[in-house]
Amino acid sequence: MQPIVKVMKSESEIMATFSTFKQLRPHLTEDKFLGKIRRLQENYGFNLVAIIENDEVKAAAGYRITESLAWGNYFYVDDLITDESSRRKGYAKILWDWLIRQAKENDCEQFHLDSGVHRHDAHRFYLKGGLDITCHHFQMSL
């Protein structure tokens, strides 16, 4: 069976992505995951997609289309993760290409994501995928 990109909307579809997202975001808890996704969808236009093959989530992404003075209409990838057992099999590339198409189809002027400084494999993938490192992101915990 060929892998497909599926927009995950129902409760069961969203929850099927939890174990994959947990690999990227270890602070997430299963009991609060659905509520958090629903709030992000309602308040920020968050979209959740996954690569499905043989009824299993192989990779997942969360994104939103938004606008700012600095970047105009832009596509922001909040999360992009391939399940640990499915890495180096082309799933990330399938999802990446789908995300880029969505950005273009939605007339986005730019495509953005942030990545932790320690994620060197991800950085190589993003650079190979056409992204440039264009800024530093600063933060502080409150």
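The values are calculated or read from the model by the stated rules, or taken from the named source; none is laboratory data. What you see is a predicted model, and the numbers here were worked out from it, not measured in a lab. Note that each Cβ is placed from the backbone with ideal geometry, even for glycine, and that neighbours are counted across all protein chains shown.
Could you list, in sequence order, the residues of the stretch 1-52 that are out of contact with any helix residue (DSSP H, G or I) (no Cβ under 8 Å at 6 or more places or on another chain) and assigned to a strand (DSSP E or B)?
Result: I4, V7, I52.
Can you find even one residue in the stretch 2-12 that is at pLDDT below 95 and either over 18 Å from I100 (Cα atoms) or touching a Phe, Trp or Tyr at 6+ places or on another chain (Cβ under 7 Å) (or both)? First the steps, then the outcome.
In the first step, residues of the stretch 2-12 are kept if they are at pLDDT below 95; the result is 2-4.
Then drop every residue that is not either over 18 Å from I100 (Cα atoms) or touching a Phe, Trp or Tyr at 6+ places or on another chain (Cβ under 7 Å) (or both), which leaves 2-3.
Yes, there is a match, as at least one residue in the stretch 2-12 is at pLDDT below 95 and either over 18 Å from I100 (Cα atoms) or touching a Phe, Trp or Tyr at 6+ places or on another chain (Cβ under 7 Å) (or both).
So D31 clears everything in (1) within 26 Å of G130 (Cα to Cα); (2) free of Cβ contacts under 8 Å to residues at least 12 places away in the same chain; (3) of a type in the set (D, E) except one condition, right? Which one?
(1)
As an exercise: evaluate G35 against (1) among the small types (G, A, S); (2) surrounded by fewer than 20 Cβ atoms within 10 Å (Cβ to Cβ); (3) in contact with a Lys or Arg (Cβ under 9 Å, 6 or more places away or on another chain) and give the number of the one condition it does not meet.
(3)
I'm trying to understand the selection: among the residues of the stretch 24-39, which are within 13 Å of the chain's Cα centre (by Cα) and either of a type in the set (D, E, K, R) or at pLDDT 95 or above (or both)?
Residues satisfying the conditions are R25, I37.
Please list, ordered by first then second residue, the pairs with beta carbon atoms under 8 Å, 6 or more apart or interchain, first in the stretch 81-103 and at negative phi and in contact (Cβ under 8 Å) with a residue 12 or more places away in the chain, second basic (K, R) and part of a strand (DSSP E or B).
Listed pairs, sorted by first residue: T82/K58; D83/K58; S86/K58; K89/K58; Y91/K58.
Quick one: which of Q110, Q102 is loosely packed, with under 15 Cβ neighbours inside 10 Å, modelled with pLDDT of 85 or more and more than 12 Å from the chain's Cα centre (by Cα)?
Working: Q102 fails: loosely packed, with under 15 Cβ neighbours inside 10 Å.
Result: Q110 is the single residue among Q110, Q102 that is loosely packed, with under 15 Cβ neighbours inside 10 Å, modelled with pLDDT of 85 or more and more than 12 Å from the chain's Cα centre (by Cα).
Taking the stretch 58-95, which residues are buried (at least 20 other Cβ atoms within 10 Å of the Cβ) and either charged (D, E, K, R) or part of a helix (DSSP H, G or I) (or both)?
Across the stretch 58-95, the qualifying residues are K58, D83, Y91, A92, L95.
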